[in-house]
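Report on the structure given below.
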Amino acid sequence: MSRLLNCLINKDFSCVPVWFMRQAGRYLPEFRELRSKNPDFLKLCLNSNLASKITLQPLKRFNLDAAIIFSDILVVPYALGQSIEFREKRGPWSPNFNINKFLNVEEKDFLSTLKPTYEAIKKTKSIIQKDKSLIAFIGAPWTLIIYLYNLKEGRNIKDQITIDNKKEIKLVIDKLEEFLKIHIMHQIEAGADTIQIFDSWAGMIKDEDLNEYCYQPNRNLVNFCKENNVPTICFPKGLKQNYKEFVKKVGPNAISIDYEIDPLWAKKNLNNICIQGGMKPELLFESEKKIMEETDKYLEIFKNNPYIFNLGHGILPNTNPEVIKKIVNKVRLIKR
């Protein structure tokens, strides 16, 4: 059993697994070189050979405990017939959400679009060492809705989700849940041993709407993974103290905390669960002394807890790969 699975399943804290969100990405020169030859991001994600190659790039550099398949949460709405655009410095969006097309996509067409992802997982699984985990991932329904409806951060959700389209959004959530489960199942069958669920925009949801838009959809997906004996890591970014209620109501194997969460608060309030992450990605631009002090802080706070070392969000593009190497080596020295 890999270190990651031992932590997730057995809550073993005798060692600290380490991996990073966006560990395969723009901070690596080998990725930038490959990306320069493949300008269409979606085509790159859906190229099984290149997706596998990119997934393996950080494992060739660092002694990580897991690979996370190179893909994107928006491949699911794309496979559900939606136009997806990745705009430089402005992020992804769906310019013309077509709900009729969305609701009427058939499973065979969905799977045909995403077949390269499953092939990339199979290919990667056949290459990585047996003691390494292979993480697959999905976006939670609410976060995908943000992109489908182009909702804006900082604006009142009630102004953006009107009475007229609230029923429509319920239909969209149900459809997303159905096809996210299909996507999860095929990633598991291809060789993924862990599922991470990104609810990157959970922090936009008002408290009174959290159960409908966040807790329940995430719980349904987590329970599906439990039924299929695959552990889950949930990342409901921006929930602040509602992380506690999320853990209680959703019940994943691990909760990934963002950089706004005080790790001491997390240790006190997030009980009987593996905790992942927390460190601010921008801190990796500081001096080596400060980076190592912050790394030590998280390792010390969670020394008697099942803990996965990661960041409180993804690695930023300007991060020096040598910094990642030093952090990994530091974590590797931990003996409990």
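The values are calculated or read from the model by the stated rules, or taken from the named source; none is laboratory data. Since the structure is predicted, the reported quantities are computational estimates derived from the model, not experimental observations. When we count neighbours, we look across all protein chains shown, and the Cβ atoms used for this are built from the backbone with ideal geometry, even at glycine.
Key figures for this structure:
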item	result
Flag for Gly25 being within 30 Å of Lys170 (Cβ to Cβ) and either among the polar types (S, T, N, Q) or modelled with pLDDT under 95 (or both)	no
Any chance Asn98 is under 30 Å from Tyr149 (Cβ atoms) and either at pLDDT below 95 or in contact with an Asp or Glu (Cβ under 7 Å, 6 or more places away or on another chain) (or both)	yes
Of all residues making up the stretch 244-264, the number that are buried (at least 20 other Cβ atoms within 10 Å of the Cβ) and aromatic (Phe, Trp, Tyr)	1
Test: residue in the stretch 85-101 that is of a type in the set (Val, Ile, Thr), over 21 Å from the mean Cα position of the chain (by Cα) and closer than 30 Å to Glu178 by Cβ	yes
Complete set of residues in the stretch 124-141 that are part of a helix (DSSP H, G or I) and farther than 20 Å from Phe62 by Cα	Pro141
Qualifying positions in the stretch 197-207 - surrounded by 24 or more Cβ atoms within 10 Å (Cβ to Cβ) and either out of contact with any helix residue (DSSP H, G or I) (no Cβ under 7 Å at 6 or more places or on another chain) or charged (D, E, K, R) (or both)	Asp199
Filter result (within 13 Å of Val75 (Cβ to Cβ), in contact with a strand residue (DSSP E or B) (Cβ under 7 Å, 6 or more places away or on another chain) and not β-branched (Val, Ile, Thr)) within the stretch 114-148	Ala136, Phe137, Gly139, Tyr147
Top-ranked residue of the stretch 287-304 - restricted to ones that are at pLDDT 95 or above and of a type in the set (S, T, N, Q), ranked as surrounded by the most Cβ atoms within 10 Å (Cβ to Cβ)	Thr295
The one condition in (1) at pLDDT 95 or above; (2) surrounded by fewer than 16 Cβ atoms within 10 Å (Cβ to Cβ) that Leu210 fails to fulfil	(2)
The stretch 35-60 residues that are in contact (Cβ under 8 Å) with a residue 24 or more places away in the chain, paired with ones that are of a type in the set (Lys, Arg) and part of a loop (DSSP other than H, G, I, E, B) (beta carbon under 8 Å, 6 or more apart)	Leu59/Lys132
Residue match in the stretch 132-151 (condition: charged (D, E, K, R) and either surrounded by fewer than 14 Cβ atoms within 10 Å (Cβ to Cβ) or at pLDDT below 95 (or both))	no
Test for Pro281: is it surrounded by fewer than 23 Cβ atoms within 10 Å (Cβ to Cβ) and either of a type in the set (S, T, N, Q) or in contact with a strand residue (DSSP E or B) (Cβ under 9 Å, 6 or more places away or on another chain) (or both)	yes
